[in-house]
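Please read the structure below before turning to the comments.
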Amino acid sequence: MKPAASLRRRATSLAEWALPYWTRGEAGRETPPDLFRVLYLGWLAAFVLKVLGASWDVSWHFKWLRDDLAPPHLLNSVGTVVVVALTIVHVYTGYGVDRTAQRLIQWGTGTFLIAVPLDLINHRVNGLDITSWSPSHMLLYIGTFFMICGVVRGWFLGAPPGRMRTLVLGGLFVFAFENVWFPAQHQEYGVFGIKAWDAGRPEAEPILLQFAADQMGREVDRGMVVNFALPVPDEVYPLYGVVAAMIVLVFARAMIGRAFAATAVVGAYVAYRSLIWPLLAVADFPRSAVPFFLVAGALAIDLAFLVRIPVVRALAGSLVATLAVDLALRSQHLWLESPPVISPVTMAIGGAALAALWLGGEWFLGRFRLRAIEEGEPQAMVAVVRATATP
């Protein structure tokens with residue numbers, strides 16, 4: 001059989017399988033197992049495409065002038081198309097999600113799609129705007145965050161118990177962590193950009209450096225490169241690591257419900273960054289510092305979950321995680337590469353913020369029954385969650 005004929009036959013078979021499911025329905029309707037698997041396999045594929053595109057994108061912007069049709073943008077856009085298609089399916093049919101998950105996916109995708117033209121307009125008006133922390137960029141992360149939260153909830157409530165349920169949930173939290181940590185990569189690339197300039201081998205193309213200098217109204221010199229590479233205060237990076245990164249891991253550990261789940265999530269992310277780093281370098285794209293220090297914080301969170309009293313766990317865990325992140329970051333800064341470190345007093349402020357968020361998270365997880373029951377049969381946990389989920 002010719003390839004074209006085989007492809008048409010497969011497309012026909014897929015359409016015959018899918019079309020009967022294309023019916024209007026309310027969120028929470030019973031979803032056939034095969035359809036549920038296909039929907040969430042689609043989400044995994046979409047997030048993989050978006051992560052690969054995003055990883056290439058941040059490195060691209062430290063080398064070339066921005067281009068709307070740059071290859072990383074196109075790769076990311078393919079993932080976005082899949083996201084939009086899946087969102088339409090969930091919203092129209094009601095399959096694979098409860099009402100809350102459906103709304104999270106719907107609003108997250110909507111926010112992301114609104115942020116895309118706003119970001120294009122921002123670049124037209126303000127020029128390069130390379131910083132990952134700009135308002136239009138933050139809207140992209142926020143939209144993706146709510147979208148992933150909806151997918152996590154949908155899988156958490158609907159997936160049958162077993163190893164696959166745990167692995168996919170862990171994978172979704174890796175994507176959630178990557179999205180939250182993404183803006184911090186600016187500083188991780190920035191420290192290598194400054195190092196390359198000092199060595200007399202700038203990684204950025206001259207046209208990019210000149211464009212950035214013109215935008216700042218100054219000459220192409222080291223001061224301009226520092227402003228280009230590290231555009232936010234030094235306090236942002238370590239505080240973000242203590243507060244934003246660690247609270248995501250608290251939720252990951254609680255919802256996955258397995259020992260060292262937080263460490264596994266960060267370990268997978270750090271492993272990915274360690275693999276993509278040499279691939280980008282071989283292709284002559286800028287390198288970045290890999291946040292190995294986050295593994296220490298994740299391990300501290302996993303150990304904190306040995307404490308069964310939620311309030312004690314949150315307070316003690318915040319203290320230990322803050323100390324672990326601070327010491328590990330200082331060690332990485334000394335022996336490898338990392339963005340600048342800050343005073344322990346400032347890190348203590350981050351620890352207090354983490355404690356407040358962790359306490360709120362303990363209440364939230366219990367209130368909405370999103371915590372995995374680690375003692376007893378997984379089937380009992382799934383039954384309780386499904387029985388109390390919003391229809």
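The values are calculated or read from the model by the stated rules, or taken from the named source; none is laboratory data. If you're wondering where the values come from, they're calculated on a predicted model, not measured in any experiment. Cβ sites come from the backbone with ideal geometry, for glycine too, and all protein chains shown count toward neighbours.
For V58, are the conditions met, namely being in contact with an Asp or Glu (Cβ under 6 Å, 6 or more places away or on another chain) and closer than 22 Å to W133 by Cβ?
Judged against the criteria, V58 is not a match.
Mind checking which pairs have a first residue in the range 277-305 that is of a type in the set (D, E) and a second that is part of a loop (DSSP other than H, G, I, E, B), Cβ under 9 Å, 6 or more apart or different chains?
Pairs that qualify, where the first residue is of a type in the set (D, E) and the partner is part of a loop (DSSP other than H, G, I, E, B), are D284/K63; D284/E203; D302/A259; D302/F260.
Among the listed residues A304, A262, A296, which satisfies the condition of being surrounded by 23 or more Cβ atoms within 10 Å (Cβ to Cβ), at pLDDT 95 or above and farther than 21 Å from I194 by Cβ?
A262
Pairs only if they're at least six apart or on different chains, beta carbon under 8 angstrom, first in the range 116-145 and of a type outside the set (S, T, N, Q), second at pLDDT 75 or above and part of a loop (DSSP other than H, G, I, E, B); list them, first residue then second.
Within 8 Å, the pairs are I130/H61; I130/F62; I130/P231; W133/P231; W133/V232.
Among the residues of the range 206-224, write down those that are more than 16 Å from I194 (Cα to Cα) and at pLDDT below 80.
I207, F211, D214, Q215, M216, G217
Could you list, in sequence order, all residues of the range 168-203 that are part of a helix (DSSP H, G or I), hydrophobic (A, V, I, L, M, F, W, C) and either over 17 Å from L249 (Cβ atoms) or at pLDDT below 95 (or both)? Give the steps one after another, and end with the answer.
Quick first cut of the range 168-203, residues part of a helix (DSSP H, G or I) only: 168-198.
Then drop every residue that is not hydrophobic (A, V, I, L, M, F, W, C), which leaves 168-169, 172-177, 180-182, 184, 191-192, 194, 196-197.
Correct list: V168, F182, A184, V191, F192, I194, A196, W197.
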